Amino acid sequence: MSSFHSASNTNTALMAERVLDQVMSAGATGDLIVDEGETISLKACEGELEEYKVSSSRIFGLRVIKDGHIGTAYSEAVDADALKSLVGQALNNASFVKIESHENILPNSNQLKTDDNLLCPQEQVSIDQKIQMALEVESKLNAMDKVKNVPYNGVQDIFSQRHIFSTAGLNALTRSRMCASYAYALVEDGQKTAMQGTSQVSRLFSELNASSVIENTYEKCIGLLDGKPIPSKHYDVIFDTECQVSVFGVFSMMFSGKTAKDGINPMRNKIGSAIADSRLTIFDHPLNSDGFGYHLFDAEGTATEKSKLVIDGCLQTLIHNSATASYFDTHTTGHAIRGPKSTLGVNLHQVEIARGTEALSSLHSGEYLEVTDLAGLHSGANAISGDFSFGASGYLCKNGERIQAVRGITVAGNFYEMLNKISMIGNQQSWDEGRSALMPSIRFSDVAISG
């Protein structure tokens, strides 16, 4: 892909140098994020290619700090006049905002670059092969019993690149590639309908498996077609990998130094205290290259490392960028986030929960509810209080066997209390479909289910 040729990067570096020279000439400091991307998207409909879209982008996002005032601006044009205007707009924006004494450009002159062979591998794959996969997934699913249509499907090949420069001399570059195949099918049997989907991601297109997407999507749809509510009471609950990652993600602000600074993080004063079952250990592990949450550095160019968030149930730290770290008189943990169009924030990179000691036979003993689908994840959750109420589907299970498909239920409770109601933690870890988090299965006890 031409966007990632060395000549292009040399040109980007020269433009960045000119931009930052103008920033310094105005008596300010600053950093510049340059995000570039190129995506091929394919979609099929009734056995024919419905969409073949190739898109590319390059966005310059500038943050300036002058006399304690922070201003941001972005530009998708890269001619000299546009970049001069970018600097002027950022400086002008800074003049209208209040002083933020804790936000500064770090004295970071690191030269960082990720490994292209690891994160952005190249291979000889024709567009015809990609089209064939898109057609195969959609047409074979459509031909299966009770499938009405496959409204959402696609194959994507995505290249992305981020370059960060600063007036302190920072030069950080990362490139990545992600190939994906996904499908959501609608099945009907009389008045009963169900729609479910699955996806696969890999850094190499050749590692995607159309048959797996087809089979897993169909099995999920057919499995829930006959689902019905179960009696309202408290159950032991095991969220499947996708749902468990989603639930932890909804409440991830519990680790945020930014929300603590804003006074809305319930964990702000609990560092060093027990907040969960003593068997629960949680890391943020951005340097695990098996996942797509891999980050060698954060949005300020700070080198990342494995962070201990919760050890044996005790909260160890909040995550920080340089501004929240300054506010709390501590060090940045390498969790700054910022897009070309956004201001500085914090976020986790790649969550990992340590494996427990329970084998599957123990984890799946007795009666429990396996939750495989959740609805209303954000509208039904209050991350400050921890309260949640989600629509759910799944299976009532006994001793590892699915006894009944379940639909039309509500799972409700308090996430922070639920962390202290862990019954068992499995001894095997699994990635979610997007390879953004690595977790074992956790069995939670005494969860309220309304049928």
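Details
- Test: VAL54 is aliphatic (A, V, I, L, M), assigned by TED's automatic domain parsing to the domain that holds LEU204 and surrounded by 13 or more Cβ atoms within 10 Å (Cβ to Cβ): no
- Looking at the range 34-146, the helices (runs of 4 or more DSSP H) lying wholly inside it that each contain 2 or more residues that are closer than 30 Å to THR332 by Cα and small (Gly, Ala, Ser) sit at 80-94.
- Test for SER212: is it more than 24 Å from HIS295 (Cα to Cα), without any contact (Cβ under 8 Å) to a residue 40 or more places away in the chain, out of contact with any helix residue (DSSP H, G or I) (no Cβ under 8 Å at 6 or more places or on another chain) and surrounded by fewer than 18 Cβ atoms within 10 Å (Cβ to Cβ): yes
- Residue match in the range 397-411 (condition: assigned to a strand (DSSP E or B), at pLDDT 95 or above, of a type in the set (Ser, Thr, Tyr) and surrounded by fewer than 17 Cβ atoms within 10 Å (Cβ to Cβ)): no
- Tabulated pairs, the range 1-24, first of a type in the set (A, V, I, L, M) and surrounded by 15 or more Cβ atoms within 10 Å (Cβ to Cβ), second modelled with pLDDT of 55 or more and assigned to a helix (DSSP H, G or I), C-beta under 7 angstrom, 6+ apart or interchain: MET15/LEU83; VAL19/LEU83; VAL19/LEU86; VAL19/VAL87; VAL23/VAL87
- Test: PHE96 is among the aromatic types (Phe, Trp, Tyr) and within 19 Å of PRO340 (Cβ to Cβ): no
- Selection within the range 371-386 - under 21 Å from GLN196 (Cα atoms) and either crowded, with 17+ Cβ neighbours inside 10 Å or not assigned by TED's automatic domain parsing to the domain that holds ILE264 (or both): VAL371, THR372, ASP373, LEU374, GLY380
- Selection count, the range 286-306, where residues are within 29 Å of GLU417 (Cα to Cα) and crowded, with 23+ Cβ neighbours inside 10 Å: 1
- Selection from the range 350-396 of residues that are part of a helix (DSSP H, G or I) and out of contact with any strand residue (DSSP E or B) (no Cβ under 9 Å at 6 or more places or on another chain): SER361
- Selection of the range 191-209 for residues being among the β-branched types (Val, Ile, Thr) and crowded, with 18+ Cβ neighbours inside 10 Å yields THR198, VAL201.
- Looking at THR39, THR72, just one residue is within 29 Å of the chain's Cα centre (by Cα), among the polar types (S, T, N, Q) and crowded, with 18+ Cβ neighbours inside 10 Å, and that residue is THR72.
- Failed item, numbered, when SER199 is tested on (1) within 25 Å of GLN156 (Cβ to Cβ); (2) touching a residue at least 60 places away in the same chain (Cβ under 8 Å); (3) in a helix (DSSP H, G or I): (3)
- Flag if LYS130 is more than 29 Å from the chain's Cα centre (by Cα) and more than 21 Å from MET15 (Cα to Cα): no
- Top-ranked residue in the range 29-53 [being out of contact with any His (no Cβ under 9 Å at 6 or more places or on another chain) and among the aliphatic types (A, V, I, L, M); ranked as nearest to THR167 (Cα to Cα)]: ILE40
The values are calculated or read from the model by the stated rules, or taken from the named source; none is laboratory data. Predicted model, so just to flag it, every value in this text is computed and none were measured. Note that each Cβ is placed from the backbone with ideal geometry, even for glycine, and that neighbours are counted across all protein chains shown.
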